[in-house]
Each structure stands twice: as structure tokens, then as C-alpha cells.
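Enquirer: Sharing a structure with you now.
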Amino acid sequence: LHPRDRFNLITFASETAQMFHTSRFASAENLAHARQFVESLEPNGGTEILPALTLALDNPVHSNYFKHIVVLTDGAVGNEEEILSLIAKQLGSQRLFTVGIGSAPNAHFMRTVAERGRGTFTYIGSVSEVTDKKVALFQKLESPTVTNIVLHWPGQITNHAITVYPSTIPDVYAGDPVTFTARLANRDQHSIQGTLTMTGHAGEQVWQQTIPLAEVPASPGVSKIWARRKISELMSGSHERAEVVQVALRHHLVTRYTSLVAVDH
């Protein structure tokens, strides 16, 4: 942290506590107070993350500042639907990153939370990896390459015919690729013409990249990747079981509701 950065710490177990009433500058005095605060922590109770995340998202975003929330836990996270609903309502211009330590956290869900928060998920297998993984994460936070990415499809393709996953394109950070999949309903790939234009912000500059759709090579495996991402978004929200089953059967995928049976003749 640099002296002009602002920061705060929120702890969660069975209860939630906040170090400062509101974020403060990273002065030597405040950093020393934060170290004492962390060293005095004692584990108690469960992993009640929802009140802490609510508090973090409600903290005001100061003008001319870009706010990152980093959620760090070694415990199992519950309240899945409530957490995703909270992020959808409260995220705004904030970015949410998740860090799971050990085997207890639900990696799939924490990755989904980070995706919805337009951030990234960091998995730390053992305590010995904490320093290296956290240093890499904070270096990434300091160097967002492209933010606020928007896809602009050619005019002859209506928005109703396009489904893109993830539905919100995350920011691009140095050394961390971003991928998305799109499905154009009732269109043969060879009939697709025009150019997909991607726009965003690279620092203070406008960033733009174009992809001629006619030049995109055919690759049948992409349909399964798209289907897996659609199922992931359905499962992480309020979904209809029948819709998940329909997608899974069409693309021959294993889910909570579907299995594959091998028949040997």
C-alpha cells in the first residue's frame, strides 16, 4: 500500500468486526494499527461471510479511487444464493476477488463469486504458499490492463440471438487471460459475417479490438465449453432444474441432475 491508498479490514467468523469505521489512508500509524489488529485475532465459530461482505460492499467508494474487495477464507462458505444476489445488487463499480486456503472452501463457488464480482479466484493449497500467491495477487491488482470490457456485435445479429458466458466480461489483468464463449441461435457458423468489436479502458485510454467473425475457425468442442458455463451460471443462481437438464442432455454433460451411463456390448 502507498500512503495515498485507502484501506480497511473486516473480520468474519460467527460475528463480524470492522477495524476502522471507514477506510483510512495507509499511513505508517494506520498500518501499524492494522498489524496489531491482525495479530490479536482469535478464531471462533463458523464462516458467516454474508454480513461481512454486505459491510464491505456498503463501504463508500471515495471519489477518484478504484475499490477492490479481497475475501480471504480457509472455511466453507454457505448462503450461496444470497451472496450472489447481494453481489448483483451492490457491486456497482467495485471489484471482488476471492482467496481460498486449503480444502474447506468451495472452490467452484468462490470462483463463481469472483467472476460475478469481475475479479479473480486464487487457490492456495497450503500455508507455505500464502506469501507467493498473495504477492502475485496484489501485483495483479496494481496493474489492470483493460477494464469495463463491452462486446459490440455486428448489426445483422440481434442481441436476442446471442448468449454470452460469462454474462459479464471480467477485467483483464497482467498475465491473467480472459475467455468468453458465445452462442448465436439458429445461425450456421459459415453464414456469420461482420466484425465483433470489443471496447474497454486501458488506464485513461480507450481500448479497442476487432475480430472478423468469418475468420473464426470451427471447433466443435467449444459448444461444450459454452454449455458448461451456462450450466454454471444457472446453478449459481435461482434456476429451474428442467433447464439445467435440458442443456446437459443436449451437450452430453454430467451435472448435479444428470449422469452418463456406459453400455458395453
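The values are calculated or read from the model by the stated rules, or taken from the named source; none is laboratory data. Computed from a predicted structure; not experimentally measured. As a convention, Cβ positions derive from the backbone with ideal geometry for all residues, glycine included, and neighbour counts pool all protein chains shown. Side chains are part of the model used for accessible areas, which takes the heavy atoms of the whole protein and leaves out ligands, DNA and RNA. Shrake-Rupley method; radii C 1.70, N 1.55, O 1.52, S 1.80 Å.
Enquirer: Measuring with a 1.4 Å probe in the full set of protein chains, what accessible area per residue, in whole Å², belongs to the range 61-187?
Expert: Numbers: 6640 Å² over 127 residues.
Accessible surface, normalised per residue, equals 52 Å².
Enquirer: Please give me the summed charge of the neighbours of THR168: other residues whose Cβ is under 9 Å from its Cβ, Lys and Arg +1, Asp and Glu -1. Each step should come with its number before you reach the end.
Expert: Details: positive: ARG116, ARG118; negative: GLU115.
Result for the local shell: +1.
Enquirer: Further question on the same structure: Determine the order of ARG35, ARG256 by accessible area, beginning with the largest, at a probe radius of 1.4 Å.
Expert: ARG256, ARG35
Enquirer: ASN186 to VAL206: FRET efficiency via 1/(1 + (r/R0)^6), r the Cβ-Cβ distance, R0 45 Å, to the nearest 0.05? Each step should come with its number before you reach the end.
Expert: Details: r = 34 Å, r/R0 = 0.75.
With R0 = 45 Å, the Cβ-Cβ based efficiency is 0.85.
Enquirer: Order the peptides 129-142, 178-191, 96-109 from the highest to the lowest mean number of other Cβ atoms within 10 Å of their residues. Write out the running numbers ahead of the final one.
Expert: Details: 129-142: 13.6, 178-191: 12.0, 96-109: 18.0.
Sorting 129-142, 178-191, 96-109 by mean packing, highest first, produces 96-109, 129-142, 178-191.
Enquirer: Please give the solvent-accessible surface of GLU15 in Å², to the nearest 10, using a probe radius of 1.4 Å with every protein chain present.
Expert: Rounded to the nearest 10, the figure is 140 Å².
Enquirer: May I ask you to give the percent of accessible area on the range 129-246 that is carbon plus sulfur, with a probe radius of 1.4 Å?
Expert: Values: 3810 of 7220 Å².
Here carbon and sulfur together make up 53 percent of the probe-accessible area.
Enquirer: Could you tell me what percent of the accessible area of the range 1-104 is made up of carbon and sulfur, with a 1.4 Å probe and every protein chain present?
Expert: Details: 3160 of 6110 Å².
With neighbouring chains kept in place, the figure for the range 1-104 is 52 percent.
Enquirer: Keeping every protein chain in place, order SER23, SER259, SER40 by accessible area at 1.4 Å, biggest value first, i.e. largest first.
Expert: Working: SER23 20, SER259 95, SER40 75 Å².
Ranking SER23, SER259, SER40 by accessible area, largest first, yields SER259, SER40, SER23.
Enquirer: Okay, next question. Got a number for the accessible area of TYR65? Probe 1.4 Å, square angstrom, nearest 10.
Expert: Here the residue's solvent-accessible area equals roughly 80 Å².
Enquirer: Can you compute the helix-only [θ] at 222 nm over the chain? Use -39500 (n - 2.57) per DSSP H run of at least 4 residues, normalise by all residues, nearest 500 deg cm²/dmol. Could the numbers behind the result be given before it?
Expert: Values: 7 runs with 80 residues, N = 265.
Roughly -9000 deg cm²/dmol at 222 nm, from the helical runs in the chain.
Enquirer: A further question on this structure: Can you sort LYS89, LYS224 by solvent-accessible area, 1.4 Å probe, largest first? Mind dumping the intermediate values first?
Expert: Details: LYS89 155, LYS224 85 Å².
In descending accessible area the options line up as LYS89, LYS224.
Enquirer: Ok, one more. Can you find, among PRO3, VAL130, HIS68, the residue farthest towards the positive end of the dipole of the chain? Put +1 on the C-beta of Lys and Arg, -1 on that of Asp and Glu.
Expert: The listed residue farthest towards the positive side: HIS68.
Enquirer: If I compute volume of the Cα convex hull per residue in Å³ from the structure I just sent, which labelled value in (1) 160; (2) 215; (3) 180 lines up?
Expert: (3)
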